[in-house]
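A quick write-up on the structure given underneath.
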Amino acid sequence: MRDHFEIRDHDAAGRIGRLEVPRADVTVETPALLPVVNPNVLTIEPSRLESEFGAEMLITNSYIIRSTDRIRDRAVDEGLHDFLDFDGAIMTDSGSFQLAEYGDIDVTTEEIIEFQRRIGSDVATPVDVPTPPDADRERAERELATTKRALADAEAAETGEMLVNAPVQGSTYADLREEAGRHAAGTGLDVFPVGAMVPLLNSYRYAETVEAVRAAKRGLGPGAPVHLFGAGHPMMLALAVAAGCDLFDSAAYALMARDGRYLTVSGTEHLEDLDYFPCSCPVCAEHTPADLRELGEGDGDGPSAERLLAEHNLHVTFEELRRVKEAIRSGNLLELVDRRARGHPAMLDGYRALLDHADELERTDPGSKDAFFHTSHEATRRPEVGRHRDRLARLTTPEALLLTESKAPSDHDYDAVWRVKPPFGPYPPALSETYPLTAEVPERTDDAAQVAAAEGVAALASANPETDLTVGHDAWCDRALDRLPDRVETENLRTLG
Ligand code: GUN
Ligand code: ZN
């Protein structure tokens, strides 16, 4: 891995970074969304992608350019930047996607890297083999070996200042993804796309998407810039960023528009079904769904409905990306993921899969951020809860200690009184003003938060076997009470009045 990537802020495994792209002489802020530009059909002109949407980088397909006479010569003569009229960074794909779709392409890594260099690409791609999800293991291993040879060919090529992608394959085998990630990071290549995800993304298999990303990241290590190839639906950006992805590419904005589909942060709607636009982008502010339906192909001068839908789709995607970046800055990215998880059951599966890796997220999660909001069962599995529990196991306690959800009684015989806050559990008064114990929690706690708090008590009890512990709880459920060690006394504050 060459070093062109700098990480500035973290939240969970998400980060704000800077990717230096020397050949374009620009630095791209990540997370970044690369609109996919089909060189044959400019749904939205690349210069507008830059000026109106804020795209700092786009992606186009060098294989399509190379195999289309009319545009190949122009791209070679003018260079991609002039040909597309785009000053930002340009990434090019290699034809691997066509390989996956049609089974065969007539170009080698050596040839396509050389072609990408000739047309002035800033980030090139070798001919990796995108092994689809659920492929049998023997095929996944064989194709991964081919991808590794493609990476070696790319390393051997003359690339000058051009960065080069090192795609990570391995289908749905976590150990192969991890191994592929470790191998890719060990090459001299620059950017690390997690590949062959389109079939998972198209069928909303977000839990498996998260598993593949986490496996690749375990191999790649935390410093690698990671691209989630083919991902650009606004619904899943927060989740994918929280899992550790830095770059995205959206063909969805244009492909969906072609089918009359309208993207939102909680899914995809059909223009046919809408009475109102729930958005205030320039398109939605100026049109109603009925306007667009009537517009169809357009009136000759103005844009078509498809084009306006594509513009909305891109606006809502960039808007969500800015929201994700702001959430990283404020430290409430997981609150945003949690909100997005309420928009679609498949997203909830993705969020739950992410929380299965809370220990990995904890390693890059900042120690202090904006107040933790406890607004769902899932939040009990956030990294902060586990981190507090680990800390409890290291705290020492006096001989007789009251842990209570309410204020300390005015008159008591304990050596000390600590507060208990579900889902974290007990904490000494000295920690009450520190993250995450400054959390905002609902007055009506749920069972999952009570169970998590009881586990905190259990951690404290096992670290301090000599301490007499009493828990004053607000009518905890049986499942939470069952989690307390037998020697812990309990008082139901509700029945005490
Ligand atoms: N576009 C979407 N998925 C892939 C992939 O796995 N490899 C390449 N090269 N391009 C892609
Ligand atoms: Zn809109």
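Laboratory data are not the source of any read-out in this text; all were calculated from the coordinates shown. Note that the structure is a prediction, hence the values are computed from the model and not measured. Cβ placement follows ideal geometry from the backbone for every residue including glycine, while neighbour counts extend to all protein chains displayed.
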Point to revise | Dipole axis of the chain (+1 Lys, Arg; -1 Asp, Glu on Cβ), positive-most option in F192, A430, G219 | key: A430
Review point. Which number comes out as Rg/Rh for segment 261-396 once both Rg and the Kirkwood Rh are worked out on C-alpha atoms?
Key: 1.15
Check your understanding: For segment 304-388, which trypsin sites (Lys or Arg not before Pro) are in a loop by DSSP, counting at most 15 other Cβ atoms within 10 Å?
Key -> R342, R363
Practice item. Please report, in debye to the nearest 20, how large the charge dipole of the chain is about its Cα centre when each Lys and Arg carries +1 at its beta carbon and each Asp and Glu carries -1 there. Key: 940
**Study point:** Size descriptor, Kirkwood hydrodynamic radius, that averages inverse alpha-carbon separations across the chain, Å
**Key:** 24.7
Check your understanding: How much of the DSSP beta bridge set in the chain is antiparallel, as a percent to the nearest 5?
Key -> 35
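Quote the relative contact order of the chain in percent (integer), defining contacts as alpha-carbon pairs under 8 Å separated by 6+ residues.
Relative contact order, the chain: 13 percent.
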Exercise for review: Report the longest stretch of the chain that contains none of the GluC sites (Glu not before Pro) sitting in a DSSP loop with at most 13 other Cβ atoms within 10 Å.
Suggested key: 1-157
Check your understanding: Which of the trypsin sites (Lys or Arg not before Pro) across segment 414-497 are loop residues per DSSP, with 12 or fewer other Cβ within 10 Å?
Key -> R444, R487
Revision key, fill the gap. Charge dipole of segment 368-492 built from unit charges on the beta carbon (Lys, Arg +1; Asp, Glu -1), centred at mean Cα; most positive-end Cα among A475, V488, A379 is A379
Practice item. Please list, in chain and number order, the residues 5+ apart from V26 or on another chain whose amide H is under 5 Å from its amide H, with Hs placed from the backbone. Key: V21
**Study point:** Per-q log10 I(q)/I(0), segment 189-286, q = 0.13, 0.22, 0.23 Å⁻¹ (Debye; single scatterer per alpha-carbon; no solvent)
**Key:** -0.51, -1.11, -1.18
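I'd like the antiparallel share, as a percent to the nearest 5, of DSSP beta bridges with both residues in segment 1-127.
Given both bridge residues lie in segment 1-127, the antiparallel proportion sits at roughly 60 percent.
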Check your understanding: Based on DSSP, what percent of beta bridges with both residues in segment 357-491 are antiparallel, to the nearest 5?
Key -> 20
**Study point:** Out-of-range pairs (alpha-carbon distance over 23 Å; input K369/K407; K325/K369; K217/K421; K148/K217)
**Key:** K369/K407; K217/K421
Check your understanding: Which residue, chosen from V28, A135, N61, occupies the Cα position most advanced towards the positive end of the dipole of segment 8-152, where the dipole is computed from +1 (Lys, Arg) and -1 (Asp, Glu) charges on Cβ about the Cα centre?
Key -> A135
Point to revise | Estimated distance in nm for a label pair at F373 and R74, the labels positioned 7 Å out from Cα along Cα-to-Cβ | key: 4.8
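With only Lys, Arg, Asp and Glu charged, each at its Cβ (+1 for the first two, -1 for the last two), find how big the charge dipole of segment 325-473 is about the Cα centre; round to the nearest 20 debye.
620
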Check your understanding: Given segment 335-395 reduced to its alpha-carbon atoms as identical point scatterers, what log10 I(q)/I(0) does the Debye formula return at q = 0.12, 0.15, 0.25 Å⁻¹?
Key -> -0.31, -0.47, -1.15
Study note, to complete from the structure: Singleton cysteines, the chain, no second Cys beta-carbon under 4.7 Å -> C245, C281, C477
